[in-house]
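Below is one structure; the comments refer to it alone.
The values are calculated or read from the model by the stated rules, or taken from the named source; none is laboratory data. Just so we're clear, the structure is a prediction, and the values are computed from it rather than from any experiment. When we count neighbours, we look across all protein chains shown, and the Cβ atoms used for this are built from the backbone with ideal geometry, even at glycine.
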């Protein structure tokens, strides 16, 4: 697959602890961020495996 058709995943917007309002939101902005970060890392690993396999 050409690189243009398979762009590298981009990380989620970084959220810091001080961005949490502390009101007990469900989901909390931090929960959402960490879930997005796990998904990003998974997609990045898959992307790297595809591109490494292709010799890129």
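Residue pairs whose Cβ atoms lie under 9 Å apart, separated by 6 or more positions or on different chains, with the first residue in the stretch 32-47 and in contact (Cβ under 8 Å) with a residue 40 or more places away in the chain and the second surrounded by fewer than 13 Cβ atoms within 10 Å (Cβ to Cβ), are 47/7; 47/8. Going by the structure shown, is residue 14 in contact (Cβ under 8 Å) with a residue 12 or more places away in the chain and not in a helix (DSSP H, G or I)? Answer is yes for this residue. Residues considered: 39, 6. Of these, the only one that is at pLDDT below 95 and surrounded by 12 or more Cβ atoms within 10 Å (Cβ to Cβ) is 6.
Would you check which residues across the stretch 12-36 are under 16 Å from the mean Cα position of the chain (by Cα) and exposed (fewer than 11 other Cβ atoms within 10 Å of the Cβ) and list them? Talk me through it step by step, then tell me what you get.
Step one: list which residues in the stretch 12-36 are under 16 Å from the mean Cα position of the chain (by Cα), which gives 12-16, 29-36.
Matches in the stretch 12-36: 13, 14, 16.
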